[in-house]
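The values are calculated or read from the model by the stated rules, or taken from the named source; none is laboratory data. As the structure is a computational prediction, the values presented were derived from the model and not from experiment. Positions of Cβ are backbone-derived with ideal geometry, glycine not excepted, and every protein chain shown enters the neighbour counts.
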Amino acid sequence: MIKYLVIGDPVAHSRSPKMQNAAFKACGMGEPYGIRHVRPEELPEFFEYARTHFAGVNLTVPHKLMAAELADTLTLRAKQCKSVNTLIIRNGHITGDSTDGVGLERALMHNFDLTVKGKNFIFLGAGGAARATAIHFAAEGAKRIIFVNRTASKAFEIINDIDSLQTGCFCGFASPGETDAIAAELKICDCIIQATSLGLKESDPPPIDLQLLEINKNLVIFDTIYKNTKLLQKAAALGIRCSGGREMLIQQGAESFRLWTNKEPDLDAMRAGFELPPGGVEV
Ligand code: NAP
């Protein structure tokens, strides 16, 4: 019987069912995780149905912000980033949580042995993924976060939210074309997080001028996209340590699993359950 779900619009491409069912199976709990296409206008009705029919839900694009308004209660981290990717449903009560930030934090530890505390980050992008993860990083003691994004206002909304948390994290902004400002930041940067959607399509341009990567080859690059993007190809050619987004998806899903079951998921089973999209290249 399906007790857990991933919902989104679109959602057919999601690898969460394979990944989560691998974890449930490894715990002897069968395959209780399904998938459902839910449009934004259907979300309030879905919440009422979920209240009595499911124990847990993952939400993907474009539901994360609206879900933060519809949940009965939010965890502190969901409140801080105003985004929800996990619903925990007990006795008809819906708690919203955000596991994207901790998922990325653990992915950086797994892939690069990198901790967030005291580090300087450049975030390429200021959409939902950048918002949830950067706010988590600031709360976890990141020293400096610079957002590079096409639309300045979205970056400044995140910066204002981080400033209001009074974490001591310094935040700044540069447009993708401000190469001098980006070059200066790269010199002191520990880690670039690529969180734009540029790279999903082969024809996409890179999110920044790739020549800039030559400035600092000691940083690490995490691209949230699951493909071998132009950014990752250039970084690898320069000998910069880099990875795609697979481990973030696994770690955020693992955290959802813990919240629902109070059990430790088998991460290797989840990794094995993860499948690449057609044409995707694992890095
Ligand atoms: P989103 O809210 O729609 O944000 C998209 C971001 O990409 C914005 O910063 C946007 O800039 C930028 N962008 C889009 N098209 C662009 C273009 N033509 N030129 C320049 N910038 C452009 O999406 P999201 O939810 O944050 O997702 C962003 C990425 O993160 C996606 O690639 C997604 O696959 C990935 N992601 C991965 C995981 C994981 O577990 N690995 C989890 C979540 C998301 P503007 O602000 O200027 O529009």
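Structural remarks
- Total residues in the stretch 4-41, condition exposed (fewer than 15 other Cβ atoms within 10 Å of the Cβ), away from the ligand (no atom under 16 Å from the Cβ) and assigned to a helix (DSSP H, G or I): 1
- Going through (1) crowded, with 21+ Cβ neighbours inside 10 Å; (2) within 15 Å of the ligand (Cβ to nearest atom) one by one, K201 falls short only on (1).
- Filter pass, S153 being of a type in the set (S, T, Y), buried (at least 24 other Cβ atoms within 10 Å of the Cβ) and out of contact with any strand residue (DSSP E or B) (no Cβ under 8 Å at 6 or more places or on another chain): no
- Within the option set C169, C189, being closer than 28 Å to V61 by Cα, more than 14 Å from the ligand (Cβ to nearest atom) and under 22 Å from the mean Cα position of the chain (by Cα) holds for one residue only, C169.
- Some residue of the stretch 227-237 being assigned to a helix (DSSP H, G or I) and within 11 Å of the ligand (Cβ to nearest atom): no
- Scanning the stretch 123-157 for residues being within 13 Å of the ligand (Cβ to nearest atom), under 15 Å from the mean Cα position of the chain (by Cα) and of a type outside the set (K, R) gives a total of 13.
- Check on F46, over 20 Å from Q252 (Cα atoms), surrounded by 15 or more Cβ atoms within 10 Å (Cβ to Cβ) and either within 14 Å of the ligand (Cβ to nearest atom) or over 15 Å from the mean Cα position of the chain (by Cα) (or both): yes
- Residues that are in a loop (DSSP other than H, G, I, E, B) and in contact with a Phe, Trp or Tyr (Cβ under 8 Å, 6 or more places away or on another chain) within the stretch 145-168 comprise just one, N149.
- Selected residue [outside any loop (DSSP other than H, G, I, E, B) and at negative phi] from V116, V102, V84: V102
- Filter result for E282 (within 14 Å of the ligand (Cβ to nearest atom) and at pLDDT 95 or above): no
- Positions within the stretch 74-97 being within 13 Å of the ligand (Cβ to nearest atom), touching a strand residue (DSSP E or B) at 6+ places or on another chain (Cβ under 7 Å) and hydroxyl-bearing (S, T, Y), in sequence order: T86
- Residue check for A67: free of Cβ contacts under 8 Å to residues at least 60 places away in the same chain and either acidic (D, E) or away from the ligand (no atom under 14 Å from the Cβ) (or both): no
- Within the stretch 208-220, being outside any helix (DSSP H, G or I) and closer than 11 Å to K234 by Cβ holds for I208, D209.
- Matching residues in the stretch 177-190 - criterion: being surrounded by 18 or more Cβ atoms within 10 Å (Cβ to Cβ) and touching a helix residue (DSSP H, G or I) at 6+ places or on another chain (Cβ under 8 Å): I182, L186
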